[in-house]
């Protein structure tokens, strides 16, 4: 995938990943442009989520998973190098999971969790200002401003996903990885998240794994399509959606295969 006028902040070079003795990704190379939305598509089991987990170094939390070759650079740093500061990387490269998880604490404490972990506690006035700003940014402030001290577990699933995005934004990341963030949401909540993604790309580079072809058409600037752990297609939305060269990719995009 070659960026146009935008800087490529993430470069994946000849990446190989295995679970035990089973290869999952093979010689995957891709570039992800700054401040664009890249949709990562492909059938189940093709390695989409694995790729995200390599980029923010959470793959290694799975004992049998390992990178067996290649490099990943984020803003010029080889993040797979043994000397890499993983805590700093995960602050810079946030991740939003498929199922939103509220920590067993208040709404405000959820928003503040990551920022406090990386930067320490703030004075209450400044903390309240940042919380309000983040919740406004994800369109949640008006819905929760009168119950910030109540448990976040009482929120609807759509609200929870926006809360998780606010919690990620609290770390001021350069990149946000999203793994099927709308798969459990109703159409209204999905539309809200898609609008938010379009707003966020003004300041953040976004990689989103999705099975929803229509969603990828709506929100992505770039597309990376994986088949059997390899790159089958890569390019702009128009290039892949309108003129994919790989016949299996064309069948997938047309709904004949999935």
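No lab work stands behind these numbers, since they all come straight from the coordinates. The shown structure was predicted, so the numbers you read here are calculated from the model rather than taken from an experiment. When we count neighbours, we look across all protein chains shown, and the Cβ atoms used for this are built from the backbone with ideal geometry, even at glycine.
Observations on the model:
- Ordering of 98-108, 241-251, 22-32, 80-90 by burial proxy (mean other Cβ atoms within 10 Å per residue, highest first): 22-32, 98-108, 241-251, 80-90
- Neighbour-count order for 182, 46, fewest beta carbons within 10 angstrom listed first: 46, 182
- Annotation: the residues 236, 68, 205, 38, sorted from fewest to most other C-beta atoms within 10 Å of their own C-beta, follow the order 68, 236, 38, 205.
- Computed per residue of the chain from DSSP H runs no shorter than four, each worth -39500 (n - 2.57), the mean residue ellipticity at 222 nm is -10500 deg cm²/dmol.
- Residue 213 paired with residue 27, simple spin-label distance in nm, labels 7 Å along Cα-to-beta-carbon: 2.8
- In percent, rounded to a whole number, the relative contact order of the stretch 82-176 is 51, using alpha-carbon pairs under 8 Å and six or more apart.
- Percentage relative contact order, the chain, counting C-alpha pairs under 8 Å, at least six apart: 27
- Highest-first packing order for the peptide set 226-233, 12-19 is 226-233, 12-19, based on the mean count of other beta carbon atoms within 10 Å.
- For the stretch 67-219, a/c is not less than 1.5, where a ≥ b ≥ c are the root eigenvalues of the C-alpha gyration tensor, and a/b does not top b/c. That puts it in the oblate class.
- Least to most buried among 145, 75, 91 (fewest other Cβ within 10 Å first): 145, 75, 91
- Cα gyration tensor shape of the stretch 1-103, rounded if a/c is under 1.5, else prolate or oblate by comparing a/b with b/c: rounded
- Chain lengthening between residue 105 and residue 199 when straightened (0.36 nm per residue, less Cα-Cα): 31.0 nm
- 18 Å reach of a label modelled at residue 98, 7 Å along Cα-to-Cβ, counting backbone N of the stretch 24-44: 24-25, 39-44
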